[in-house]
Amino acid sequence: MPDIAHRTIETNGIRMHIAEAGPADGRLVVLCHGWPELWYSWRHQMLALAAAGYRVVAPDQRGYGDTDAPEPIEAYDGLQLVGDIVGLVGALGAREAAVFGHDWGALVTAYCGLLRPDLFKAVGLLSVPYVPRPSARWTELVREMAGAQDYYQLYFQEPGRVEREFEQDHADTLLRVYYALSWAGMARPRTPLGPLLFPEGARLIDGFERPKAMPDWLSAQDLEVFAAAFRKSGFRGPVNWYRNFDRNWELTPFLAGA
């Protein structure tokens, strides 16, 4: 896209790929993508915001695309993810920013607002609403909810298992996930949580239905952009975000009631 520029910055000990658009003197807006996505998910919003006069930046977040993917699981806890965005704003020479997030990016955005309200003057959460810090570890609450079934966030906890499934065919995996979690996919008759809650012992990927044709909101070219990035980065880094649910809870007792 000719109106979107790309470069790499240093932030919080990693090299982060960012896409940016709009005037350099515009008010800064940072867009945080979800799982399993990239900066590319924001391409349309970036152009609209730039046209409105904002300086807009969308990173590949830690573990994704052309951004570094540290090996340790604990390198992906919520404080590190916020540190990446704080460092991004500093690297751009800005003193404040608005930050918007979709899906997992919404959780990062919420942490940004809680931890650095001096820096992030406005926040927007898409798809995932703000949930205050729970009274118990997240995995304990999710196990109680799932009962005798398995839930994708629990399935993700075992290192290597879901990576082996997802990396057999990156494009097929992404198409299945994007479609199954879209309005059309979730509207099909099944449990309220769609393919995310499934029989114990089953494979997660098998519950994500492949559409008979490409949906009108995702072209084959778009899918290949995502697939090429995940062939390069793999799924370990992105799934490690989920493996920090309990660590995030342990690190943030000071946010109880916030």
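Listed values, structure above:
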quantity	calculated
Distribution of pairwise C-alpha distances over the chain, 5 Å bins, in %	1, 6, 13, 17, 20, 17, 13, 9, 4, 1, 0
Region 99-141: C-alpha gyration tensor shape, a/c 1.5 cut-off, then a/b vs b/c	oblate
Label-to-label distance, nm, for residues given as residue 203 and residue 130 (7 Å Cα→Cβ offset)	4.1 nm
Region 1-45: C-alpha gyration tensor shape, a/c 1.5 cut-off, then a/b vs b/c	oblate
Cut-off 16 Å, label 7 Å out along Cα→Cβ of residue 51, residues of region 19-36 by amide N	21-23
Estimated distance in nm for a label pair at residue 143 and residue 186, the labels positioned 7 Å out from Cα along Cα-to-Cβ	2.7 nm
Estimated Rh, region 105-258: Kirkwood, alpha-carbon pairs, angstrom	17.5 Å
Whole-number percent relative contact order across region 1-100, with pairs defined as alpha carbons under 8 Å at least 6 apart	34 percent
Per residue solvent-accessible surface (Å²) - region 1-108, probe of 1.4 Å	39 Å²
Rg/Rh for region 156-227, where both radii come from Cα atoms and Rh is the Kirkwood radius	0.97
Cα gyration tensor of region 111-177 - equivalent ellipsoid semi-axes, whole Å, descending	29, 20, 11
Euclidean distance between Cα centres, region 24-58 to region 118-194, Å	24 Å
Loop trypsin sites (Lys or Arg not before Pro), region 60-163, which have at most 14 other Cβ atoms in a 10 Å radius of their Cβ (DSSP)	95
Computed Kirkwood radius, in angstrom, where 1/r is averaged over Cα pairs of region 62-142	13.7 Å
Charge dipole (debye, nearest 20) of region 1-89; +1 at Cβ of Lys and Arg, -1 at Cβ of Asp and Glu	360 debye
Mean separation of Cα contacts under 8 Å (6+ apart) over length of the chain, as relative contact order %	21 percent
Dipole of region 139-258 [Lys/Arg +1, Asp/Glu -1 at C-beta], most positive-end residue of 221, 237, 180	221
From the C-alpha gyration tensor of region 26-65, square roots of 5λ in Å	20, 10, 6
Efficiency of FRET between residue 214 and residue 121 - r from beta-carbon atoms, R0 35 angstrom, step 0.05	0.35
Whole-percent carbon and sulfur share, accessible surface of region 50-141, 1.4 Å	56 percent
Dimensionless Rg ratio for region 1-76, taking C-alpha atoms and the 2.2 N^0.38 Å reference	1.12
Cα point-scatterer Debye curve for region 1-144, base-10 log of I(q)/I(0) at q = 0.10, 0.12, 0.16, 0.22 Å⁻¹	-0.32, -0.46, -0.81, -1.52
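The values are calculated or read from the model by the stated rules, or taken from the named source; none is laboratory data. Since the structure is predicted, the reported quantities are computational estimates derived from the model, not experimental observations. Quick reminder, even Gly has a Cβ in these numbers, built from the backbone with ideal geometry, and neighbours come from all protein chains shown. Quick note on the areas: whole protein, heavy atoms, side chains included, nothing else; ligands and nucleic acids left out. Shrake-Rupley method; radii C 1.70, N 1.55, O 1.52, S 1.80 Å.
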